[in-house]
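**Student:** Here it is, the structure in full.
What follows is calculated from the coordinates using simple rules that are stated; it is not laboratory data. Keep in mind that what you see is a predicted model, and the values were worked out from it rather than measured. A quick note on method: Cβ atoms are made from the backbone with ideal geometry, for glycine too, and the neighbour counts reach across all protein chains shown.
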Amino acid sequence: MVVEHNYVLSLDEIKAIRFRCPECRASTSFRLDESITFPTVCPGCGATLYDKTLDTGDGGLIHSLPRTIKDLLRLQERKKSFEVLLEIDAPRSQ
């Protein structure tokens, strides 16, 4: 028997965005009320994290994520007609 656990979060529950290096697993967190500048190199090991040449206008997808979340929250508050929820898998215990 397989038991699955999922969590559902609303956008207003997101307190920060964390970027984590795939090489050394060092991470940097930014609160949504802060100005977020995605690090191009890992503060831990110096590996390249982000290639600015992959940006697709308007600051790129990574840089627009905090703004998008804030915009959706503002729209959600004004309209009171919908709610955006994020579903994530629960951490697996070992």
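**Student:** Measure off 7 Å from each Cα along the Cα-to-Cβ vector at residue 40 and residue 90, then give the distance between these two points in nanometres to one decimal.
**Tutor:** 4.3 nm
**Student:** Which cross-chain or sequence-distant (5 or more) residues have an amide H under 5 Å from the amide H of residue 84, H modelled 1.01 Å from N in plane?
**Tutor:** Long-range HN contacts for residue 84: 11.
**Student:** Can you sort 28, 68 from fewest to most other Cβ atoms within 10 Å of each residue's own Cβ? Kindly include the intermediate steps, with their values, before the conclusion.
**Tutor:** Details: 28 18, 68 11.
The order, fewest Cβ neighbours first, is 68, 28.
**Student:** Return 20, 78 ranked ascending by Cβ neighbour count within 10 Å, so the fewest neighbours appear first. Kindly include the intermediate steps, with their values, before the conclusion.
**Tutor:** Details: 20 14, 78 8.
Lowest to highest Cβ neighbour count: 78, 20.
**Student:** Would you list 84, 8 from fewest to most Cβ contacts within 10 Å? Display every interim value, and only then the final one.
**Tutor:** Values: 84 13, 8 9.
In increasing order of surrounding Cβ atoms, one gets 8, 84.
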